Amino acid sequence: MQARAVALDMLLAVTEEKKPSHTVAARELAKYPMMEKKERAFAKRLFSGTLERLLTLDFLVNHYSKTKVDKQKPLIRAILRMGFYQLYYTDVPPFSVCNEAVKLAKKRGLSGLSGYVNGVLRAAVREPFSVADAAAKMPEKKALSLVYSMPEWLVEAFLSWYGRERAEAMFAAFLEPVGLTVRVNRSRCGVKECREKLLQAGVLVQEGIFLPEALHISGMESVSGLTGFAQGDFTVQDESSMLPVLCAGISSGAYVVDCCAAPGGKALHAADVLRVQEKAAQGDAGLPLAGTVSARDISGYKLAKIRENAVRCGFDNIRPLLWDAVRCRKDDIGRADVVLADLPCSGLGIIGKKPDIKYNVTPEGLKELAALQREILHTAAQYVKPGGVLIYSTCTVNPEENAGNAAWLAASEGLFAESLSPYLPEVLSDQVDADGYLQLLPEAGKWDGFFVARFRKREETK
């Protein structure tokens, strides 16, 4: 019962209060430290699964209920959505689904509507309805929207960008379970050593798909309690988001500017690369560290988190700075060896991790983000020294935000595009396009959707 109550609170926070799903889950579950592992796992699954399938579940509720979803009380709407998710996508016994839904309604002060909740759910149990059969009678866009719980306009956009086969593969990937990946801080701990520590702690560990320092882990309740976390042995980071630093080719002593650093994964990665190279160059003699990472963000709260993680990992070569990426910091013009521009984007490549993205993004929002990215890129390009490198990356699959802005950048800011091929592992060599850019499309169990492009500043001519 507690798991369903917690899932209900999380669902309401996202669907009614419009709070981001990833922060809601962490905050709400932290309130129940004594919750049994099995209950905690069920609460997370019920919350994330219901959120992922929201449009499909609303279709089912509307099929069985005379009072349509948009006319229902928010609490009843959420309880029914959770109930239908359990009936259609889990093996929870139907009698349990119905009984627990009724209890939830009564406990939340809606006893008068508990009979309605019971009636709708029991009707679904008595007369099962096939989503697949319904979709088979619909036009393509409506059918894909129903089966994969994607807004129709977004289905249309994906189809126009990538065609039916690849678009549907992405929709399916978004609904697959999402794993957790950590990056070993190689200046702090060897990959093999870190892996052994995790295995000894009972964690399931798989090697990275294209980076040796990436480890895919599962079978634990929280990352912060794992052996080695407090000591800075590793940092949570998706494998695809490790690519920008890999492609930057950061050398010992470099000055790196991370324009939009939150949540901090790339700044920490760059700091680790600098530390590894500096240790090798100095023979680990403890000489002063030369390379630094200026990690900037407009949010003081997020910057504090970056600072906290830098301290945990022992990276005193990170310099957090509260700064709006649109504004030019004149002291840095022409100074940076490497600029990391991992910019605010629509997030259409990480819907599997943050399913609320697909319900909140709008066509107008895509245009606005592409324009904002150009503003930031215009500023970021000024920081690059002659001969220096700028890495532009996003976690979206929208061509306007990605290849479109990369082409604009190469044509207008004194930069020229360089192919990523020399910097990427062999497994990704066939993913680089004719312009040298990399557009990863989401693949279940492998990686998120991600875009990376590399540019070099033209050398000054006398």
| note | Highest mean packing first, using Cβ neighbours within 10 angstrom, the peptides 359-372, 72-85 sort as 72-85, 359-372
| Rg and Dmax of region 392-462, Cα atoms, in Å? | 13.2, 52
| note | What the Cα atoms of region 271-422 span along the principal axes, largest first and in whole Å, is 54, 35, 33
| note | If each K or R counts +1 and each D or E counts -1, the residues other than Arg40 whose Cβ falls under 13 Å of its Cβ total +2
| Cα-only Debye scattering, the chain: base-10 log of I(q)/I(0) at q = 0.06, 0.09, 0.14 Å⁻¹ | -0.30, -0.66, -1.36
| Share of carbon and sulfur in the accessible heavy-atom surface of the chain [1.4 Å probe, %] | 53 percent
| remark: Scoring region 184-323 by relative contact order with C-alpha pairs under 8 Å, at least six apart, yields a percentage of 23 percent
| said: Can you give me the accessible area per residue for the chain, using a 1.4 Å probe, in Å²? | reply: 44 Å²
| task | Just need the relative contact order of the chain here, percent rounded to a whole number, with Cα pairs under 8 Å and 6+ apart. | result | 13 percent
| What's the center-to-center distance, using Cα atoms, between region 85-108 and region 404-419 in Å? | 54 Å
| note | Non-local residues with an amide H under 5 Å from the amide H of Ile318, with H modelled 1.01 Å from N and Pro and chain starts lacking one, are Val293
| query | Does region 168-256 come out rounded, prolate or oblate, given a ≥ b ≥ c as the square roots of the eigenvalues of its C-alpha gyration tensor, rounded meaning a/c under 1.5 and, failing that, prolate meaning a/b above b/c? | reply | oblate
| request: Using just the alpha carbons, could you tell me how many Å³ per residue the convex hull of region 370-431 encloses? | output: 98 Å³
| For region 112-183, what class follows from the C-alpha gyration tensor (a ≥ b ≥ c being the square roots of its eigenvalues): rounded when a/c is under 1.5, otherwise prolate if a/b is larger than b/c, else oblate? | oblate
| request: Give me the Debye-computed log₁₀ of I(q)/I(0) at q = 0.13 Å⁻¹ for region 45-159, equal point scatterers on Cα only, no solvent, two decimals. | output: -0.49
| Farthest positive-ward along the chain dipole, Cα basis, beta-carbon charges - from Asn360, Ala173, Ile306 | Asn360
| query | Using helices alone, what [θ] at 222 nm do you get for the chain, with -39,500 (n - 2.57) per DSSP H run of 4 or more residues, divided over all residues and rounded to the nearest 500? | reply | -14500 deg cm²/dmol
| said: Sort 100-110, 130-140 by the packing proxy (mean of other Cβ within 10 Å over each peptide's residues), most packed first. | reply: 100-110, 130-140
| query | Straight-line reach from Lys197: which aspartates and glutamates have a Cα under 13 Å away, not including same-chain ones fewer than 8 places off? | reply | Asp233
| query | Measuring from the lowest to the highest alpha carbon on each principal axis, how far does region 18-98 reach, largest first, in angstroms? | reply | 40, 31, 18
| query | If you stretched the chain out fully between Trp161 and Ala290, how much longer would it get, using 0.36 nm times the residue separation minus the C-alpha to C-alpha distance? | reply | 42.0 nm
| remark: Taking a ≥ b ≥ c as the square roots of the Cα gyration tensor eigenvalues, with a/c under 1.5 meaning rounded and otherwise prolate when a/b beats b/c or oblate if not, region 229-281 comes out oblate
| message | Explain nothing, just compute: Karplus ³J(HN,Hα) = 6.51 cos²θ - 1.76 cosθ + 1.60, θ = phi - 60°, for every residue of region 397-403 in order, whole Hz, x for Gly and Pro. | response | 10, 7, x, 5, 6, 9, 4
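The values are calculated or read from the model by the stated rules, or taken from the named source; none is laboratory data. It should be emphasised that the depicted structure is a prediction, and the values quoted were computed from it without experimental measurement. When we count neighbours, we look across all protein chains shown, and the Cβ atoms used for this are built from the backbone with ideal geometry, even at glycine. With ligands, DNA and RNA removed, areas are computed over all heavy atoms of the protein, side chains included. Shrake-Rupley method; radii C 1.70, N 1.55, O 1.52, S 1.80 Å.
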